[in-house]
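*Asks:* Quick one: the structure is below, and I'll ask about it shortly.
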Amino acid sequence: MTIPWRWRFRSLRARLAVLYALLFAAALVVVAIVAQTMIWNHARESVAAELTASGSVYDRLWALRAKSLTGSADVLARDFGFRAAVASGDRPTIESALVNLQARAGVAHAVVVNLDGTVIGAAADLSATVARLPFTLADGRRDAVVASGGSVFRLVLSPILAPTEIGWVVFAVPLDAGEMRALEKLSAIPLIATMLRRDSAGHWIAADGSVGANAQTDALVAETRAARLLSLPQGRAYALAKRLPGPSGQPQAALLIRYPLDAALAPYLPLQVGMMVAGLLGLVLVIAGSQRLARGIAGPIAALDRAARALEDGGRTEVAVEGRDEIGRLAESFNKMSAGIVEREHRITHLALHDALTGLPNRSFFRQSLDQALTRSVRSGESVAVLSLDLDGFKGVNDTLGHPVGDALLRMVGTMLAERVTDGLLARLGGDEFAIILNGAIDPARPRELAQAIIDMLRAPLVVDDHPVMIATSIGIAIGPADGADADHLLKHADLALYRAKQDGRGIYRFFEPALDAAARARRQLELDLRRGLHDGEFALHFQPIFDLKAQRIGGFEALLRWNHPTRGFVSPVEFIPVAEETGLIIGLGEWVIHEACRQAVHWPDHVRVAVNVSPIQFRNDGFKSIVLQALTRSGLVPQRLEVEITESVFLDGEGPVVSLLHSLRAMGIRIALDDFGTGYSSLSYLRSFPFDKLKIDRSFVISVAQDPSAAAIVRAILDLASALGMDTTAEGVEDEDQLARLHGQGCGSIQGYLFSRPVAAAGIAGLLASDLTGIEERADHARAA
């Protein structure tokens with residue numbers, strides 16, 4: 001019977017009762033298995049011993065029977081009259097004596113075999129076998145067992161002496177079922193004796209057909225004296241086989257003695273029944289006791305189960321504590337756990353929907369609330385306004401005063417905004433980014449008024465942890481559902497408006513316009529085209545010559561990146577460089593520019609340098625120095641012919657790392673030029689921290705240098721400063737003779753601009769270097785004369 005391992009019960013009490021019953025049953029099964037194993041082993045040992053003893057008895061009986069038959073044959077063989085009849089060949093007398101001997105000895109066949117092999121007497125089908133017996137029987141032996149015609153016979157021989165051997169008396173006793181039953185009756189245990197013979201294939205089979213050919217019987221006969229378990233059609237039995245030697249000594253038959261297993265185990269049946277009855281009684285007692293014990297445990301545990309299910313469904317329940325035993329302590333612990341779980345769930349829910357730093361709703365909460373507001377607006381026809389704002393200058397606070405002060409600033413701003421936004425939802429989306437939802441019956445002017453109020457509020461100086469802080473905010477506003485029918489689009493459009501506010505000067509607000517979305521899509525397409533163009537090799541370098549006024553020759557070229565788009569045509573660097581910087585593509589693009597510029601410059605005269613503009617993002621990249629070194633190594637260009645141009649914006653994130661990198665490049669022999677000097681966040685401390693090789697005067701000063709005295713004064717001051725610091729100078733954007741004359745007169749070192757040459761492709765440099773520069777020299781002479 002198969003017992004399923006998982007049952008469903010309606011009550012804990014039933015489960016406990018069944019559990020104990022199953023445990024007892026399992027123990028009972030183990031005991032039964034051990035007892036049955038012991039009974040089996042004992043029965044096997046007893047049967048083996050009894051079979052061995054019975055085998056010994058059969059050996060003695062076999063020997064006594066042989067002695068009795070031999071004695072009977074000897075009596076006739078010694079009879080004088082019988083010997084005379086054999087000697088004279090008196091067949092009637094011989095046959096008469098043999099018949100009398102058969103009756104007296106109780107044998108089936110008695111014959112005389114003459115010296116010539118003639119058989120006298122009734123031998124049935126054994127005549128041929130009997131005739132060969134005296135001549136094949138080993139010396140000293142008087143009997144043998146033979147198989148003939150499907151039967152087994154025992155042959156006993158006695159010589160006839162007169163006085164020499166003149167023949168033999170042979171008895172043939174069939175070893176049939178009657179003989180086997182006679183042997184069985186001599187045993188004290190219920191044994192079964194069977195005579196085996198070989199079949200045509202050499203297998204041992206029963207002469208009476210009760211045992212067929214099988215490997216077990218063959219193995220048993222081969223082992224002879226060993227008892228073993230034998231499986232037969234009649235059932236399993238312990239068996240022992242005794243090989244019976246034939247005339248030549250090789251067995252033609254064997255005696256199989258069996259002890260049926262059922263008979264061997266029968267004495268142990270009362271013990272097995274007693275054990276089963278005792279086990280069943282014990283099982284009944286265990287079930288009754290389990291029921292009683294379970295009633296005392298199941299009630300409190302059922303109450304705990306109901307409370308746990310209620311807790312699983314989100315409810316808050318407590319279990320009555322009764323007593324101080326294990327169940328009582330369990331109920332008390334459950335009540336504490338339940339209270340802790342509810343408290344933690346409330347805290348987790350709050351943390352999942354609120355910002356840990358400011359306590360304001362987070363992006364998830366904001367997103368859910370915006371979805372709900374837009375859904376209500378569709379039904380009510382009202383508008384939903386989203387204000388997206390971040391703090392201008394927050395990164396500088398973090399970098400200069402540290403993140404703890406930055407966190408304190410965010411908490412302060414969150415509190416200030418919460419006090420200002422009383423009719424909407426304020427959330428912190430991350431970093432220094434906040435967002436506001438205004439919905440319901442709002443005044444159309446409310447978003448504008450709130451944005452301006454927040455901008456005015458955050459313009460005032462703040463004190464954070466005893467540090468004075470100046471920040472501002474830019475705000476983007478989108479009105480739904482007109483600017484976006486779902487939360488994602490509405491927030492995205494508010495972010496686009498915020499981006500426009502930052503572009504327009506920061507510290508202001510802007511409303512979303514469809515043109516902003518189109519511009520964002522165009523920018524995204526430009527980014528995709530940039531990636532493809534960099535991969536497909538659509539970029540090329542053009543070079544603008546830098547004329548050395550002192551040496552009166554071209555002293556170098558500035559590498560300028562050009563992009564010939566397959567469908568847009570020429571794309572201005574002013575358009576794609578900012579996108580490359582924002583997306584990080586400037587790293588790969590700038591690496592290509594440095595490698596290509598060095599590869600081209602190695603073919604120029606030794607006095608001609610190549611100048612490469614480096615973006616602040618590219619310059620702050622950790623691998624920039626390795627990129628420059630690889631470009632020089634692969635091209636073979638000497639470092640002194642490479643000039644790296646940077647702008648003052650590289651110092652905005654701190655001077656230390658930048659100055660360290662500049663010194664590393666300078667130590668390699670690379671020249672460093674400060675580009676667009678005077679237009680950015682100019683600080684003389686930069687010049688003190690690092691002695692640049694060159695200052696490049698921005699074209700915004702050069703354009704007006706001949707007409708505007710203030711521009712001329714600034715250029716003169718820059719040239720004097722560079723001269724005092726031992727730096728070269730280059731004026732960019734020189735386009736007419738007056739500019740050239742004024743710059744040359746003030747001591748400018750080199751000139752770059754359309755007056756001399758527009759940027760040319762790499763293929764045109766050789767021609768430019770080899771061309772007649774008479775015109776350039778004349779303009780320079782004219783400038784000196786002026």
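*Asks:* With (1) modelled with pLDDT of 95 or more; (2) part of a strand (DSSP E or B); (3) open to solvent by 40 Å² or more (accessible area, probe 1.4 Å) as the list, and F570 as the residue in question, which single condition is left unmet?
*Replies:* (1)
*Asks:* For the stretch 497-519, what are the residues that are open to solvent by 30 Å² or more (accessible area, probe 1.4 Å) and either part of a loop (DSSP other than H, G, I, E, B) or hydrophobic (A, V, I, L, M, F, W, C) (or both)?
*Replies:* D504, G505, R506, I508, F511, E513, A515, A518, A519
*Asks:* If we scan the stretch 535-545, do we find a residue that is open to solvent by 60 Å² or more (accessible area, probe 1.4 Å) and in a helix (DSSP H, G or I)?
*Replies:* The answer is yes; a qualifying residue exists.
*Asks:* Among the residues of the stretch 171-203, count how many are part of a strand (DSSP E or B), touching a Ser or Thr at 6+ places or on another chain (Cβ under 8 Å) and of a type in the set (V, I, T).
*Replies:* So the answer is 1.
*Asks:* Right, next: State whether one or more residues within the stretch 384-399 are in a helix (DSSP H, G or I), of a type in the set (D, E), within 44 Å of the chain's Cα centre (by Cα) and closer than 15 Å to D465 by Cα.
*Replies:* Within the stretch 384-399, not a single residue is in a helix (DSSP H, G or I), of a type in the set (D, E), within 44 Å of the chain's Cα centre (by Cα) and closer than 15 Å to D465 by Cα.
*Asks:* Which ones in the stretch 58-93 are small (G, A, S), in contact (Cβ under 8 Å) with a residue 40 or more places away in the chain and open to solvent by 60 Å² or more (accessible area, probe 1.4 Å)?
*Replies:* A87
*Asks:* Output the number of the condition that V463 fails; it satisfies all remaining conditions of (1) within 15 Å of S388 (Cβ to Cβ); (2) open to solvent by 10 Å² or more (accessible area, probe 1.4 Å); (3) of a type outside the set (F, W, Y).
*Replies:* Single failed check for V463: (1).
For (1) acidic (D, E); (2) touching a residue at least 24 places away in the same chain (Cβ under 8 Å), each residue gets a yes or a no:
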| position | (1), (2) |
| --- | --- |
| I697 | no, yes |
| V702 | no, yes |
| V705 | no, yes |
| A712 | no, yes |
| R716 | no, yes |
| A724 | no, no |
| E732 | yes, yes |
| Q739 | no, yes |
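*Asks:* Looking at V156, V145, can you tell me which residue is in contact (Cβ under 8 Å) with a residue 60 or more places away in the chain and either in a helix (DSSP H, G or I) or under 26 Å from G209 (Cβ atoms) (or both)?
*Replies:* Unique residue meeting the criteria: V145.
*Asks:* Additional query: Anything in the stretch 520-534 that is small (G, A, S) and either at pLDDT 80 or above or open to solvent by 80 Å² or more (accessible area, probe 1.4 Å) (or both)? List them, or say none.
*Replies:* Answer for the stretch 520-534, where residues must be small (G, A, S) and either at pLDDT 80 or above or open to solvent by 80 Å² or more (accessible area, probe 1.4 Å) (or both): just G533.
*Asks:* Separate question: Just one of S290, S248 is part of a helix (DSSP H, G or I), touching a helix residue (DSSP H, G or I) at 6+ places or on another chain (Cβ under 7 Å) and either at pLDDT 80 or above or polar (S, T, N, Q) (or both); which is it?
*Replies:* S290
*Asks:* Return the residue satisfying two criteria in turn: it lies in the stretch 400-422 and is part of a helix (DSSP H, G or I) and open to solvent by 70 Å² or more (accessible area, probe 1.4 Å), and of such residues it is nearest to G440 (Cα to Cα).
*Replies:* If we take residues in the stretch 400-422 being part of a helix (DSSP H, G or I) and open to solvent by 70 Å² or more (accessible area, probe 1.4 Å), then R420 is nearest to G440 (Cα to Cα).
*Asks:* Further question on the same structure: Has the stretch 122-131 got at least one residue that is open to solvent by less than 40 Å² (accessible area, probe 1.4 Å), farther than 27 Å from M180 by Cα and not in a strand (DSSP E or B)?
*Replies:* No, the stretch 122-131 has no match at all.
*Asks:* In the stretch 353-383, which residues are open to solvent by 20 Å² or more (accessible area, probe 1.4 Å), farther than 17 Å from T415 by Cα and either more than 45 Å from the chain's Cα centre (by Cα) or free of Cβ contacts under 8 Å to residues at least 40 places away in the same chain (or both)?
*Replies:* L353, S364, Q368, Q372, T375, R376, V378, R379, S380, G381, E382, S383
*Asks:* Another one. If a residue has to be over 23 Å from R506 (Cβ atoms) and in contact with a helix residue (DSSP H, G or I) (Cβ under 7 Å, 6 or more places away or on another chain) to count, how many in the stretch 439-480 make the cut?
*Replies:* Counting residues in the stretch 439-480 that are over 23 Å from R506 (Cβ atoms) and in contact with a helix residue (DSSP H, G or I) (Cβ under 7 Å, 6 or more places away or on another chain) gives 3.
*Asks:* Output the number of the condition that V464 fails; it satisfies all remaining conditions of (1) under 20 Å from D407 (Cα atoms); (2) touching a Pro at 6+ places or on another chain (Cβ under 8 Å).
*Replies:* All conditions pass for V464, except number (2).
*Asks:* Determine which single condition G656 fails, assuming it passes every other condition in (1) without any contact (Cβ under 8 Å) to a residue 24 or more places away in the chain; (2) among the small types (G, A, S); (3) closer than 29 Å to I554 by Cβ.
*Replies:* (3)
*Asks:* On to the next question. Which residues, taken from the stretch 159-170, are open to solvent by 60 Å² or more (accessible area, probe 1.4 Å) and either outside any loop (DSSP other than H, G, I, E, B) or closer than 16 Å to L244 by Cβ (or both)?
*Replies:* L161, E165
*Asks:* Give me a count of the residues in the stretch 594-615 that are in a helix (DSSP H, G or I) and either out of contact with any strand residue (DSSP E or B) (no Cβ under 6 Å at 6 or more places or on another chain) or of a type in the set (D, E) (or both). Don't jump to the end; show me each part of the working.
*Replies:* Of the residues in the stretch 594-615, the ones in a helix (DSSP H, G or I) are 594-601.
Within this subset, residues satisfying the condition of being either out of contact with any strand residue (DSSP E or B) (no Cβ under 6 Å at 6 or more places or on another chain) or of a type in the set (D, E) (or both) are 595-596, 598-600.
Going through the stretch 594-615 one residue at a time, the tally reaches 5.
*Asks:* Continuing with the same structure: Residue under question is T118, and the condition is that it be over 60 Å from the mean Cα position of the chain (by Cα) and either open to solvent by less than 50 Å² (accessible area, probe 1.4 Å) or within 14 Å of V170 (Cα to Cα) (or both); does it hold? Spell out the reasoning first.
*Replies:* On the way: over 60 Å from the mean Cα position of the chain (by Cα): yes; either open to solvent by less than 50 Å² (accessible area, probe 1.4 Å) or within 14 Å of V170 (Cα to Cα) (or both): yes.
Judged against the criteria, T118 is a match.
*Asks:* Any idea which residue in the stretch 719-741 is surrounded by the fewest Cβ atoms within 10 Å (Cβ to Cβ), counting only those that are part of a helix (DSSP H, G or I) and charged (D, E, K, R)?
*Replies:* Going through the qualifying residues, I end up with D720.
Conditions tested, residue by residue: (1) open to solvent by less than 10 Å² (accessible area, probe 1.4 Å); (2) in a loop (DSSP other than H, G, I, E, B).
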{"position": "L662", "(1), (2)": "yes, no"}
{"position": "A667", "(1), (2)": "no, no"}
{"position": "A673", "(1), (2)": "yes, no"}
{"position": "T679", "(1), (2)": "no, yes"}
{"position": "Y686", "(1), (2)": "no, no"}
{"position": "Q707", "(1), (2)": "no, yes"}
{"position": "L743", "(1), (2)": "yes, no"}
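*Asks:* What number of residues within the stretch 132-142 are part of a loop (DSSP other than H, G, I, E, B) and open to solvent by 30 Å² or more (accessible area, probe 1.4 Å)?
*Replies:* 5
*Asks:* Name the residue that is farthest from F651 (Cα to Cα), counting only residues in the stretch 690-707 that are modelled with pLDDT under 85 and under 60 Å from the mean Cα position of the chain (by Cα).
*Replies:* Let us first name the residues in the stretch 690-707 that are modelled with pLDDT under 85, namely 690-691, 706.
Filter again for under 60 Å from the mean Cα position of the chain (by Cα), leaving 690-691.
Details: F690: 11, P691: 14 Å.
Only one residue fits best here, namely P691.
*Asks:* Can I ask one more? Residues of the stretch 194-239 being within 19 Å of S148 (Cβ to Cβ), touching a residue at least 24 places away in the same chain (Cβ under 8 Å), of a type in the set (A, V, I, L, M) and in contact with a Gly (Cβ under 9 Å, 6 or more places away or on another chain), which ones?
*Replies:* Of everything in the stretch 194-239, those that are within 19 Å of S148 (Cβ to Cβ), touching a residue at least 24 places away in the same chain (Cβ under 8 Å), of a type in the set (A, V, I, L, M) and in contact with a Gly (Cβ under 9 Å, 6 or more places away or on another chain) turn out to be A206, A207.
*Asks:* Return the only residue of D536, D486, D504 being under 30 Å from T400 (Cα atoms), of a type outside the set (S, T, Y) and out of contact with any helix residue (DSSP H, G or I) (no Cβ under 6 Å at 6 or more places or on another chain).
*Replies:* Answer to the check: D504.
*Asks:* Follow-up question, since we're still on this one. Among the numbered conditions (1) modelled with pLDDT under 90; (2) under 45 Å from the mean Cα position of the chain (by Cα), tell me where A515 comes up short.
*Replies:* Unmet for A515, out of (1) modelled with pLDDT under 90; (2) under 45 Å from the mean Cα position of the chain (by Cα): (2).
*Asks:* Looking for whichever is under 11 Å from S388 (Cα atoms) and out of contact with any Pro (no Cβ under 9 Å at 6 or more places or on another chain) here; the options are G424, G476, G430. Which one fits?
*Replies:* G476
The values are calculated or read from the model by the stated rules, or taken from the named source; none is laboratory data. On a predicted model such as this, the values are computed, not experimentally measured, just so you know. Cβ coordinates were reconstructed from backbone atoms using ideal geometry, including for glycine residues, and neighbour counts include every protein chain displayed. All accessible areas refer to the heavy atoms of the entire protein, side chains included, with ligands and DNA or RNA removed. Shrake-Rupley method; radii C 1.70, N 1.55, O 1.52, S 1.80 Å.
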